[in-house]
Amino acid sequence: MIKQIKFVSIPVADQNRALDFYTEKLGFTIITDQPFDEKQRWIELRVPKAETRLVLFTAEGDETRVGTMMNLSFACEDVAQTYEQLKARGVEFEGPPEKKPWGSYAMFKDSEGNRFVIAS
């Protein structure tokens, strides 16, 4: 039976720029970075202290997905604190954290224009 999500693939236009963003700004760690084909590498990252992995890779024919809305939310203990830390590292947010009846959240963009949520 299925026990977890192995990875989520994030479409990127520039793998080097995206790798810098995810490792330097978000603090993710590299699991593997190896050639895939003549155009791309297979770059797999891990969220610190989690089994969650992300792959910075765009399947052939999916290039138009780069910079589109990703339906992905990252959990954090304190949205306001995480917002301040990431903003200080140069992460672009669409606005300050908001509180809703279901919790707090803030939306940010990666180096490729993909949008994500941090939420409690």
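The values are calculated or read from the model by the stated rules, or taken from the named source; none is laboratory data. Fair warning: this is a prediction, and the values are worked out from it, not measured in the lab. Ideal geometry is used to build each Cβ from the backbone, glycine not excepted, and the neighbour counts take in all protein chains shown. The area values use the complete protein model at the heavy-atom level, side chains included, leaving out ligands, DNA and RNA. Shrake-Rupley method; radii C 1.70, N 1.55, O 1.52, S 1.80 Å.
Points worth noting:
- Nitroxide proxy distance, nm - points 7 Å out along Cα→Cβ at A59 and V47: 2.2 nm
- The range 1-58: C-alpha gyration tensor shape, a/c 1.5 cut-off, then a/b vs b/c: oblate
- Candidate cross-link partners of K99 among the lysines, defined by an alpha-carbon separation under 19 Å and a same-chain spacing of 8 or more, comprise K87.
- Surface composition of the range 17-120: carbon and sulfur make up 48 percent of the accessible area, probe 1.4 Å.
- Å³ per residue enclosed by the Cα convex hull of the chain: 126 Å³
- Once the 1.4 Å probe is applied to the protein heavy atoms, the range 38-104 comes out at 68 Å² accessible per residue.
- Helical contribution to [θ] at 222 nm, DSSP H n ≥ 4, -39,500 (n - 2.57), averaged over the chain, rounded to 500: -3500 deg cm²/dmol
- Folded to 0 to 90 degrees: helix 79-88 orientation relative to the chain principal axis, Cα: 60 degrees
- For the range 27-61, the set of trypsin sites (Lys or Arg not before Pro) satisfying both a DSSP loop assignment and a count of at most 15 other C-beta atoms within 10 Å is given as K39, K49.
- Placing +1 on the Cβ of every Lys and Arg and -1 on the Cβ of every Asp and Glu, with nothing else charged, gives the chain a dipole about its Cα centre of roughly 400 debye.
- The aspartates and glutamates within cross-link reach of K3, meaning a Cα-to-Cα straight distance under 20 Å and a gap of 8 or more places when in the same chain, are E44, E51.
- Using Cβ point charges alone (K and R +1, D and E -1), the dipole size of the range 1-70 about the Cα centre works out to roughly 400 debye.
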